[in-house]
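The structure under discussion appears below in the form of structure tokens.
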Amino acid sequence: MTSILSVQEHATAAFESMRLHGIAPSPENFTVWYHYHRRTYAELNRAIDALVKSDLSFDEEHNSEIYVRFFGNEVGRQVTLGAAASTERILQQVLERVGAARSNVADYAGFLRDTSDTLQQTEDVGSLAATLSGLIEETARIQQQNEVLERQLQNSSEEITVLRRDLETIQRDAETDGLTGISNRKRFDAALRERAREAAADGKPLCLIFADIDRFKQFNDLYGHQMGDQVLKLVARSLKDSIREGDLPARYGGEEFAVILPDASIEMASEIGERIRRTIASRRIVRRDSKVELGAITLSAGIALYEPGETLASLIDRADEALYVAKRSGRNKVVTEEQLRDPDRNAF
């Protein structure tokens, strides 16, 4: 019962937050703030908290951006809006049932007072027995009503559990690359913005690795797209195997990958980049049908360090420039932006 009643608290808090920030109570905006107060997604809460604490006012545009980020794909939008409508319906049912229960309790309390007065004033044994019989019947009726209410609230709780699971699935699918299983470009863009805000706020370093599979087009043309897909999956697994907890690997597009490295110096990022490169170079591509080994693949990577206040486009450009140098200087290399600034000391 407590979990169901908390729905009302989260909904009330959501409407209050929208009022405080001057945001229209649309289904999309309600969805954002309902899940904020319910703390459904830690990332959503961090994103809103960072905006609220910044000098920028939290407005309709920010609210829309967060909605698109967490609930914005078309299927997800329909499911989310449907879930919001279902949540409103369930909440209304809960409020009606709790209201009815309160009314029943009030009536029963009045009945007990009347019965108590009657018992005190009754001396006749027959009247006393009738009064006690009425008390027993009324108590049984209230008990039966409470049992019905408990079953109804349990059903409502199960409905909300299903809705929450659906929303979590949509959230996960919307942020995941369907082929490789790691984060997609949408999730990368949102995470990079968030990590950059955190880095600027706490003064910790943030690095970005941009990576590209060497000669992937040739491999694809020679062995076909299915084998090319296997290469992409292998690279994604290698990224996950080589990074730290808290780092975020993503498929940036095509054969391009990226890794966001919070709280990582350029030296640490270089070590992680080298670990990724070595891991991938050590693995072999084998045809599943014939078990014929097709050889190794390699990866080139560029690394840049975020400078607080710079645009994220600038950070990406510098990582991409380092990647380009790694490609141009022979591939299967990791190049940092520091090496670009001092090429004589750091030969490629």
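Overview of results
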quantity	calculated
Qualifying positions in the stretch 306-322 - closer than 23 Å to Asn332 by Cβ and under 26 Å from the mean Cα position of the chain (by Cα)	Ile316
Inter-residue pairs, beta-carbon under 6 Å, first under 10 Å from Tyr252 (Cα atoms) and in the stretch 177-191, second part of a loop (DSSP other than H, G, I, E, B) and at pLDDT 90 or above, 6+ apart	Asp177/Asn184
Single unsatisfied condition, Ile276 versus (1) surrounded by 14 or more Cβ atoms within 10 Å (Cβ to Cβ); (2) in a loop (DSSP other than H, G, I, E, B)	(2)
Residues within the stretch 262-290 that are at pLDDT 95 or above and among the small types (Gly, Ala, Ser), tallied	5
Residues located in the stretch 229-272, provided they are among the hydrophobic types (A, V, I, L, M, F, W, C), within 16 Å of Cys207 (Cβ to Cβ) and in contact with a helix residue (DSSP H, G or I) (Cβ under 8 Å, 6 or more places away or on another chain)	Leu239, Ile243, Leu248, Ala250, Phe257, Ala258, Val259, Ile260, Leu261, Ala264, Ile266, Ile272
Residue list for the stretch 37-52, filter: over 16 Å from Arg197 (Cα atoms) and either touching a residue at least 12 places away in the same chain (Cβ under 8 Å) or in a helix (DSSP H, G or I) (or both)	His37, Arg38, Thr40, Tyr41
In the stretch 228-269, the residues that are surrounded by fewer than 19 Cβ atoms within 10 Å (Cβ to Cβ) and part of a loop (DSSP other than H, G, I, E, B)	Arg244, Glu245, Gly246, Gly254, Asp263, Ser265
Cross-chain or 6+ apart pairs with Cβ under 7 Å, the stretch 310-336 first and without any contact (Cβ under 8 Å) to a residue 60 or more places away in the chain and in a loop (DSSP other than H, G, I, E, B), then buried (at least 22 other Cβ atoms within 10 Å of the Cβ) and of a type in the set (A, V, I, L, M)	Lys333/Ala326
Failed condition for Leu323, given (1) surrounded by fewer than 16 Cβ atoms within 10 Å (Cβ to Cβ); (2) under 30 Å from Ala201 (Cβ atoms)	(1)
Candidate set: the stretch 212-234, residues that are of a type in the set (A, V, I, L, M) and in contact with a Lys or Arg (Cβ under 9 Å, 6 or more places away or on another chain); chosen: the one nearest to Arg185 (Cα to Cα)	Leu232
Any hit, the stretch 298-319, residues being closer than 12 Å to Asp212 by Cα and surrounded by fewer than 21 Cβ atoms within 10 Å (Cβ to Cβ)	yes
The listed residue being closer than 24 Å to Glu65 by Cβ, outside any loop (DSSP other than H, G, I, E, B) and modelled with pLDDT under 85, out of Arg164, Arg193	Arg164
Exclusive hit being aromatic (Phe, Trp, Tyr) and in contact with a Gly (Cβ under 8 Å, 6 or more places away or on another chain), set Phe219, Phe257	Phe219
Odd one out for Ser300 among (1) modelled with pLDDT of 95 or more; (2) among the small types (Gly, Ala, Ser); (3) not in a strand (DSSP E or B)	(3)
Matching option when the condition is over 20 Å from Tyr223 (Cβ atoms), out of contact with any Ser or Thr (no Cβ under 8 Å at 6 or more places or on another chain) and touching a residue at least 12 places away in the same chain (Cβ under 8 Å), among Ile260, Ile276	Ile260
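The values are calculated or read from the model by the stated rules, or taken from the named source; none is laboratory data. What you see is a predicted model, and the numbers here were worked out from it, not measured in a lab. Positions of Cβ are backbone-derived with ideal geometry, glycine not excepted, and every protein chain shown enters the neighbour counts.
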